[in-house]
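A short write-up of the structure that comes next.
The values are calculated or read from the model by the stated rules, or taken from the named source; none is laboratory data. No experiment lies behind these values; they were computed from the predicted model shown. Neighbour counts run over all protein chains shown; Cβ positions are idealised from the backbone, glycine included. Heads up: the accessible areas ignore ligands, DNA and RNA and are worked out on the full protein's heavy atoms, side chains in. Shrake-Rupley method; radii C 1.70, N 1.55, O 1.52, S 1.80 Å.
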Amino acid sequence: MQERRGGTPLPEPNLSFPARVAALFEAHFERLFRYMNRLSGDPDLASDVVQEAFVKLYQRGSLPDEPEAWLISVAMNLFRNERGKRSRRLRLLTPERGERTLGDAPASPEESAISGDSRRDVRAALERLSERDQQILLLHGEGYRYREIAVALEMNEASVGTLLARARRAFRDAYEELTRAR
Amino acid sequence: MHVDEERIQRLLHGELKPADEAEVQAHLADCGECAGRLAAMRRDEERVDSLLHELDRPAPRLDVGAIARRAEARSPRIPRWAAGIVLVLGLAGAAYAFPGSPLPRLVDAVLEWTRGRQDPLSPDTGSHPPPPPSFAGIAVPPGERFRILFQTPNARGDMLVRLTAGTEVEIRAPRGAATFTAGENQLVVDGRGLPTTYEIEIPLAAPRVEIVVGEDRVFLKEGPRVTTALPPGSAAPYRLPIAAPAR
């Protein structure tokens, strides 16, 4: 009945530290980027914070007990700090631009023609959820296991499934409401 | 007794222990209501996953070497020779402070001797201004689109543009003849009217970087393709003049 891609195995413990970081980078960079990009709607910001999380892991000099969850937590903290800074800076200079950057990246004309409305609705529906619901939904969407989600979000692992189902329902309802109103 | 939502979710995601899974499966075989809930959750999940994919953007191409280099560049490592100097100074300090040590008298005598040899007509070197910096430079992650703008007529001289395996756009003005202002997806270079050769490094992985002088684009890298104001066939490194546009 396993229908999802599973968690990535930890790198071999007998490898050197740089080799273990390299293995984690190979296994997790892209999905952590996708997660942060979906959460932030800003690919540049997502790339920056995920790279920075790996830099911090490298500087740490040893792997934490739960490297994937550690990377998610660090990336989230960096994201919150950076979002706050950018939001303040952009609001001072160009309010409209600031909102757009934090909401979603500007779409090209072709993209707008194909799926602009739908994409905006998806983004808007996601933003109606609480931050924790967004995180749990998006982390699971990237294939993170319940245990990794629970450690990263500091929640009880026994209720991850229920919270995930609620988050998914809330997202679906928000999306349907938005598309019905169109 | 029906299966609760947590266990149906866990079954759907392969998160149940084998014994629990067998138990839930046995229940589903006999309970149409729970089997229907599982099917509905699966459909819901597929639909939500498909919608969320609409937000995806391609991940930047990066190698872990760049991460390691950046981490190492930030780590303050004390070289062995510096550690040796600290140790010697520490020992000397301890010897100086030790009661009955001859070192204080010896140091005083040496200082007295050097004061006596100092040329009284020599100028006071302490009042000289510090030397100007040998170069000014900045490194910026380029993102999806990035523009380097040389403000004319303050920017003068030329630029040497290289493509590198790094992750950041780097600009150096070797004589310190520039100030940089970073904006969103843009870096403005003010050359303060001093002619110099700017050294610019652009990551090969950067999707789009352009260099503009005044209002004229003199360099564009889009994906692997490079277009410059130089004659066709010119190869990297590109030496491009900075000239104010003719009016």
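Spatially, segment B:94-108 and segment A:158-182 are offset by 78 Å when compared through their Cα centroids. The aspartates and glutamates within cross-link reach of residue B:17, meaning a Cα-to-Cα straight distance under 18 Å and a gap of 8 or more places when in the same chain, are A:3, A:148, A:157, B:4, B:5, B:6. Summed over all non-identical Cα pairs, the Kirkwood treatment of segment B:188-247 gives a radius of 12.9 Å. The distance between label points at residue A:156 and residue B:236 comes to 5.6 nm (points 7 Å beyond Cα on the Cα→Cβ vector). Between B and A, roughly 4500 Å² of accessible area is buried in total, ligands, DNA and RNA not counted and the probe set to 1.4 Å. Rounded to 0.05, the FRET efficiency of the residue B:40 and residue A:128 pair, given R0 = 25 Å and the Cβ-Cβ distance, is 0.70.
Full extension of the chain segment joining residue B:1 with residue B:56 gains 15.7 nm, where the gain is 0.36 nm per residue of separation less the Cα-Cα distance. Return the residues of segment A:122-157 for which accessible area with all protein chains present is lower than in the chain on its own by 40 Å² or more; set the probe to 1.4 Å and exclude ligands, DNA and RNA. Going by heavy-atom accessible area, the residues of segment A:122-157 that drop by at least 40 Å² are A:122, A:145, A:146. Taking the Cβ-Cβ separation of residue B:170 and residue A:62 as r and a Förster radius of 22 Å, what is the calculated FRET efficiency to the nearest 0.05? After rounding to 0.05, the efficiency reads 0.10. Each residue, residue B:27 and residue B:91, gets one label point 7 Å from its Cα in the Cβ direction; the gap between the two is 7.5 nm.
Taking 7 Å steps out from each Cα toward its Cβ at residue B:181 and residue A:26 produces label points 4.6 nm apart.
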